[in-house]
Amino acid sequence: METHLLVAHGGTMDTLNLLLAALKEKNGMRRKQARETLVLAGDPAVKPLLELTTSPDKQTRWEAAKALAAMVEPACLDTFVGLLSDSQSDIRWLAADGLIALGPRSAVPVLKSLLGRDLSRGHLAMSHRVLARLAEDNSVLAAVVAPVLDTLRGIDLATLPTKAEKALLELDQRTGRLAKP
């Protein structure tokens, strides 16, 4: 059954399961149609797609991340931050796209992720990409994360957790939110 025909049968769980299963197929066009249909489905597809981001299969993780990034769902925030450490650079890139699409609300979780130890170069690079892009559209955020971005561009990352923590505290002071780790 073609993916576009599945939509005509209503929004049943069977349809959702068929679309999710199609993300694992070898046929790229069927995967794309299924992914795009899941994006259109919205809320019912979010939780199962989030679960697929932990699949051991790279293609399945990629399809799930691509769909979720297009959905711009706040529920994806923590998953996207986690995917910044994925072993595959294209999945890290999609996670960063999703965080950028979610806007400034992504800044605090990304900064918190930088408090961790033994972060991969990929995680650091995508964190830089996200924070730099978010800072382009928000001068307050730009001022707060500038030292973090400078450190991420450098070679010596020893001060990164301290600078990330300072940025979190400054965001907390400026916004009144609990941005502390």
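The values are calculated or read from the model by the stated rules, or taken from the named source; none is laboratory data. The structure displayed is predicted, hence computed values, not measured ones. Ideal geometry is used to build each Cβ from the backbone, glycine not excepted, and the neighbour counts take in all protein chains shown.
Values computed for the structure shown
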read-out: Any hit, segment 55-70, residues being at pLDDT 95 or above, among the small types (Gly, Ala, Ser) and outside any helix (DSSP H, G or I); value: yes
read-out: Residue ranges of helices (runs of 4 or more DSSP H) in segment 86-180 with at least 1 members surrounded by 16 or more Cβ atoms within 10 Å (Cβ to Cβ) and among the β-branched types (Val, Ile, Thr); value: 89-102, 107-113, 121-136, 139-153
